[in-house]
1. Can you work out which of the residues in the range 192-250 that are among the basic types (Lys, Arg) and closer than 30 Å to ALA118 by Cα is surrounded by the most Cβ atoms within 10 Å (Cβ to Cβ)?
2. Among the residues of the range 214-252, count how many are modelled with pLDDT of 90 or more and in contact with a Gly (Cβ under 8 Å, 6 or more places away or on another chain).
3. Please go through the range 123-148 and give me each residue that is part of a helix (DSSP H, G or I) and either crowded, with 18+ Cβ neighbours inside 10 Å or in contact with a strand residue (DSSP E or B) (Cβ under 7 Å, 6 or more places away or on another chain) (or both), ordered by number.
4. Between residues in the range 200-226 that are part of a strand (DSSP E or B) and of a type in the set (Lys, Arg) and residues that are modelled with pLDDT of 95 or more and surrounded by 19 or more Cβ atoms within 10 Å (Cβ to Cβ), which pairs lie under 7 Å by C-beta distance while being six or more apart or on different chains?
5. Read through the list (1) in contact with a strand residue (DSSP E or B) (Cβ under 8 Å, 6 or more places away or on another chain); (2) surrounded by 14 or more Cβ atoms within 10 Å (Cβ to Cβ), then give the number of the only condition that VAL120 fails.
6. I'm checking my understanding of the structure. Among residues of the range 42-84 that are within 13 Å of TYR10 (Cβ to Cβ) and touching a helix residue (DSSP H, G or I) at 6+ places or on another chain (Cβ under 8 Å), which one is surrounded by the most Cβ atoms within 10 Å (Cβ to Cβ)?
7. Could you list, in sequence order, the residues of the range 90-133 that are over 27 Å from GLU197 (Cβ atoms) and in contact with a Gly (Cβ under 8 Å, 6 or more places away or on another chain)?
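The values are calculated or read from the model by the stated rules, or taken from the named source; none is laboratory data. A quick note: this is a predicted structure, and the numbers were derived from the prediction, not measured. Methodologically, a virtual Cβ is constructed for each residue, glycine included, from the backbone with ideal geometry; neighbour enumeration extends over all protein chains shown.
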Amino acid sequence: MNAELSPGLYIVATPIGNLGDLSPRAAHVLTHAAVIAVEDSRVTGKLLNHIGVKRPMTPYHDHNAEQVRPGLVARMATEAVALVSDAGTPLISDPGYKLVRDARAAGHAVVTIPGPCAAVAALTLAGLPTDRFLYVGFLPPKAQARAEAIAEIAGVRATLVIYESGPRLGALLAALAKGLGDREAAVTREITKHFEEAVTGTLPMLASRYADAPPKGEIVVVVAPPGPPEAASAADADLALAEALTRLSVSQAAGEVAKTLGLDRKALYARALELRG
């Protein structure tokens, strides 16, 4: 591995708890970068101390990103700039994507050094379907806004991954139970640390468990996708066919309703002929 890094932006994933999870490649980049853009220099300083190096750091977070970003992009023309978050993969719940966007627009190289990510780690612990998932991040803290956000994702046929803090976990689980019902879920916390755990159960069960006992540590809630939709009734089919027949032929109406309601096209065609007759 060459000691010298080419100019550009290096997106470096860092440990989410266990410092032993820092990859050799990530350590190499952090050791040789000209500057490291960090959320909190105290947190990243501990990581650098772990690998025995000292490097220049500059704060880059929600409150200063607009002011700091142009200078970082300018430096990428001649220097290697590393981007880290306090824990995990940058750009997940932080403003890093704008730095990547502007770096590309300026013609600079952008390199990713993958590694730990709490959302993916929680999925592996939860024991819920992983073939399709939606990362939601932090839901709004206020009750009404949170309920509206939950209603927006209620019908998504994917496992949901949500970040939350300990003190707000009970309220989140209660809102999820109200908005999503009796779905299976998992509360994962302290991932990669000594007290790592994944507590599973239905949303109402988990809401009851954590209502008056907020846990410590960083938390990821994983919620199973909704069950299969109820089959459309004969009355539903007749209503849909009657509407479709006002603008389509019998064959086209049967095809459209079959696709929409997931019913047998031949049976719908026969019924459409009866309704048309």
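1. Taking the range 192-250 first, the residues among the basic types (Lys, Arg) are 193, 209, 216, 247.
Subset that is closer than 30 Å to ALA118 by Cα: 193, 209, 216.
On the way: LYS193: 14, ARG209: 16, LYS216: 11.
Here the answer is ARG209.
2. So the answer is 4.
3. Let us first name the residues in the range 123-148 that are part of a helix (DSSP H, G or I), namely 123-126, 143-148.
LEU123, LEU125, ALA126, ARG146, listed by residue number.
4. none
5. The failed condition is (1).
6. Start the filter on the range 42-84 by keeping residues that are within 13 Å of TYR10 (Cβ to Cβ), which leaves 55, 72, 75-76, 79-84.
Next, only the ones that are touching a helix residue (DSSP H, G or I) at 6+ places or on another chain (Cβ under 8 Å) stay: 55, 72, 76, 80-84.
Values: ARG55: 16, LEU72: 20, MET76: 23, ALA80: 21, VAL81: 25, ALA82: 26, LEU83: 26, VAL84: 30.
Per the criteria, the residue is VAL84.
7. Within the range 90-133, ALA103, HIS108, ALA109, VAL110, VAL111 qualify.
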